[in-house]
1. Based on the Cβ-Cβ distance of Glu102 and Glu33, what FRET efficiency does E = 1/(1 + (r/R0)^6) give at R0 = 22 Å, to the nearest 0.05?
2. Starting at the first residue of the range 19-25, write each ³J(HN,Hα) from the Karplus equation 6.51 cos²θ - 1.76 cosθ + 1.60 with θ = phi - 60°, in whole Hz, x for Gly and Pro.
3. Suppose each label sits 7 Å from its Cα in the direction of the beta carbon; what would the Ala155-Ala70 distance come out to in nanometres?
4. Go ahead and set up a Gaussian network model of the chain, Cα springs under 10 Å, then flag whichever of Pro140, Pro63, Pro92 fluctuates most.
5. Is it possible to state the helix-based mean residue ellipticity at 222 nm for the chain, with each DSSP H run of 4+ residues giving -39500 (n - 2.57), the sum divided by total residues, to the nearest 500 deg cm²/dmol? What is it?
6. Could you point to the residue in Ala42, Met169, Gly58 farthest towards the positive end of the chain's charge dipole, with +1 and -1 charges on the Cβ of Lys/Arg and Asp/Glu respectively?
7. Using 19 Å as the cut-off for backbone N distance, which residues of the range 65-102 belong to the label zone defined by a point 7 Å from the Cα of Met116 along Cα→Cβ?
8. Would you mind calculating the gained length between Leu61 and Ala91 on full extension (0.36 nm times residue separation, minus the Cα-Cα distance), in nm to one decimal?
Amino acid sequence: MPQLAVIVASTRPGRAGPAIADWFLARAKDHGELDAGLVDLAEVNLPFLDEPEHPSRGHYLHPHTRRWSAIVASTDAFALVLPEYNGGLPAPLKNALDFLYEEWAHKPVGLVSYGMGSAGKHAAGMAEQVVTALRMRPAPTRVAVPLRECFGGEAVHPNEAMESAAHGMLDELTSMTGATREEGSGVR
Ligand SMILES: Cc1cc2nc3c(=O)[nH]c(=O)nc-3n(C[C@H](O)[C@H](O)[C@H](O)COP(=O)(O)O)c2cc1C
């Protein structure tokens, strides 16, 4: 079964990210077509990009980069669970994306955004620009979580739009992952 990493993209104490990622992970497990697990950027604990060479060369000096590279290289698809900070994507996610290059290429990615005003839609738009530059393939359906309406401090209270978008995105990621395998070397 293809592997899906649900990435918690906020790292600050008291963050909402893990609760929202847990909700999406539960939907991915119910969906049942992808082998889904959480990857928490707070635990990955990358410093700001500190590699001397361009990531596209794949010559990594630091053990933290090699560990991150191994996680991303062994994953078939991603769901980025990202908050909106000041109208954009969170810095830890941008940094984690910038650390690598080939490891992301051609892989499907779903954007699960959240925020106060616009459910993180500006953050999702910026993230889509970045993942497209990395030659990833964004799922057409985005999930947007309006925190005021659907988050109670600890628990997510999903609305119908969230549920239906999550299901649609998981369908898309599943079929896009199949396409990735066909496009690949045929080794897998
Ligand atoms: C530094 C910062 C900037 C924020 N900027 C926005 C924003 O531009 N738009 C928005 O809808 N919410 C904004 N918020 C509210 C966040 O979406 C909300 O606090 C959310 O819980 C942040 O995700 P996190 O708890 O996982 O860190 C901001 C929060 C922080 C901490």
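1. 0.30
2. Ordered by residue, 3J(HN,Hα) equals 5, 5, 5, 4, 4, 5, 4 Hz.
3. 3.9
4. It is Pro63.
5. When only DSSP H runs of four or more count, the value is -13000 deg cm²/dmol.
6. Gly58
7. Only 82-91 fall inside the zone, counting backbone N under 19 Å.
8. Full-extension gain reported as 8.6 nm.
All of the numbers you see were taken from the coordinates with simple rules; none came from a lab. In this text, all values refer to a predicted model and were calculated from it rather than measured experimentally. As a convention, Cβ positions derive from the backbone with ideal geometry for all residues, glycine included, and neighbour counts pool all protein chains shown.
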